[in-house]
Amino acid sequence: MRVPFYDIKAQYDDLASSMSDAVQSVLSSGVYVLGPNHNQLEREIADRHGVKHGIGVANGTDALRILMDAVGIGEGDEVITPAFTFVASVETVVQTGATPVFVDIETESFGIDPAKIEAAITSRTKAILPVHLFGQLCRIDEIKAIADRHGLLLLEDGAQALDSHCNGKFAGQYGLGCGFSFYVTKNLGAAGDAGMIISNHDEVNERCRSMRIHGMGRERYYYDHLGYTSRLDEIQAAVLRVKLQKLDAWNLQRQKLAEIYQRELAGLPLTLPTVLDGNNHTWHQFSILTDRRDELQAFLKSRGADSMIYYPVPIHFHAPYLKYGNGKGSLPVTERVCEQILNLPIQPHLSEDQIHYVARSIQEFLTSQS
Ligand SMILES: *Cc1c(COP(=O)(O)O)cnc(C)c1O
């Protein structure tokens, strides 16, 4: 049996004729940027998350970068981030001229550990940028309370957390703004790159909106800020709007597959993912921890089942970021998770049989050779 980790073509096959129609209609309209699909997508994503504003941008990295610029993060500032994340969360902090300050994670949400934040706060700390990894919110209520207590800005990296909430309060409702990515492999993926900022704050909205088109003000060719060229193309918006019609069904399937893993892998010598109290989980990833990770991955591969390691190396070990960290041993949980984590296939075009097959293969590996 083959079990592919991602199957983007299957998403297209699900929606082939409506997707082709949508793209064709954009092409024939001659409106390729900031058009009706783009505007409606902004509305739809903001509404899904119960916030006032959605600002389409070219990708999730730009969403974070523009958001940070819009709230005035720059040289001399420190921004608290995890080192267990996709590089963009930290890369964008460095790009603003600010200094990332790494705080270790906890293994239930894989997000920043609130208990370790206060020790990292200095007189230069300007913001906290927590990341909602793998499809559920991190301990954002506690993190927000710390940010409020210390007068720090709170920004959210929600690139993997579209539709994720805690007790009905969605990603983007906690901070000044939240960045999303519609990169191909995300739960809602474009046919290329796309991203969005969402925010409840009118001023942040105005600034981001202006910055994505060179910092232009209300009047054309008058510039208020230093800006970017970062638009979400109309064709991508059309593709995303078609896929959005299936997102609930796809996420439901992810949930069903996750339940199979949880049931079938219970009791084995590995750590299953935890869902925090009050959280929904959209299962962007299904992550297990095992100290035999590399062997298990090779074994699964020999059985035709793909798996991925998110993330094999913590950010503070990569050359451009060494100077912001304190080396090996400084973030023990992050470093251990990078050695033990394995992400199992859970994309919505897998069948229950395929998940049973992966689970049985893991059982076989862990019971016969340990
Ligand atoms: C995907 C991702 C990003 C960046 O999004 P792009 O659209 O690829 O630029 C940022 N942060 C996290 C956590 C991500 O997973």
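General remarks:
- Of the criteria (1) touching a helix residue (DSSP H, G or I) at 6+ places or on another chain (Cβ under 8 Å); (2) within 16 Å of residue 270 (Cα to Cα); (3) surrounded by fewer than 19 Cβ atoms within 10 Å (Cβ to Cβ), which one residue 368 fails: (1)
- Subset tally (residues that are surrounded by 21 or more Cβ atoms within 10 Å (Cβ to Cβ) and in a loop (DSSP other than H, G, I, E, B)) for region 114-138: 10
- Looking only at region 179-229, and only at residues there that are in a strand (DSSP E or B) and crowded, with 18+ Cβ neighbours inside 10 Å, the one that is nearest to the ligand (Cβ to nearest atom): 181
- Selected residue (criterion: nearest to the ligand (Cβ to nearest atom)) from residues of region 129-146 that are out of contact with any Phe, Trp or Tyr (no Cβ under 9 Å at 6 or more places or on another chain) and not acidic (Asp, Glu): 132
Residue by residue, here is whether (1) under 23 Å from the mean Cα position of the chain (by Cα); (2) at pLDDT 95 or above; (3) under 21 Å from residue 2 (Cα atoms) holds:
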{"site": "280", "(1), (2), (3)": "yes, yes, no"}
{"site": "299", "(1), (2), (3)": "no, yes, yes"}
{"site": "302", "(1), (2), (3)": "no, yes, yes"}
{"site": "306", "(1), (2), (3)": "yes, yes, yes"}
{"site": "315", "(1), (2), (3)": "yes, yes, no"}
{"site": "321", "(1), (2), (3)": "yes, yes, no"}
{"site": "328", "(1), (2), (3)": "no, yes, no"}
{"site": "331", "(1), (2), (3)": "yes, yes, no"}
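- Which listed residue is touching a residue at least 40 places away in the same chain (Cβ under 8 Å), under 28 Å from residue 343 (Cβ atoms), surrounded by 14 or more Cβ atoms within 10 Å (Cβ to Cβ) and of a type in the set (D, E, K, R), from 2, 48: 48
- Residue in region 153-161 that is of a type in the set (Gly, Ala, Ser), more than 16 Å from the ligand (Cβ to nearest atom) and out of contact with any Phe, Trp or Tyr (no Cβ under 7 Å at 6 or more places or on another chain) present: no
The values are calculated or read from the model by the stated rules, or taken from the named source; none is laboratory data. Since the structure is predicted, the reported quantities are computational estimates derived from the model, not experimental observations. Quick reminder, even Gly has a Cβ in these numbers, built from the backbone with ideal geometry, and neighbours come from all protein chains shown.
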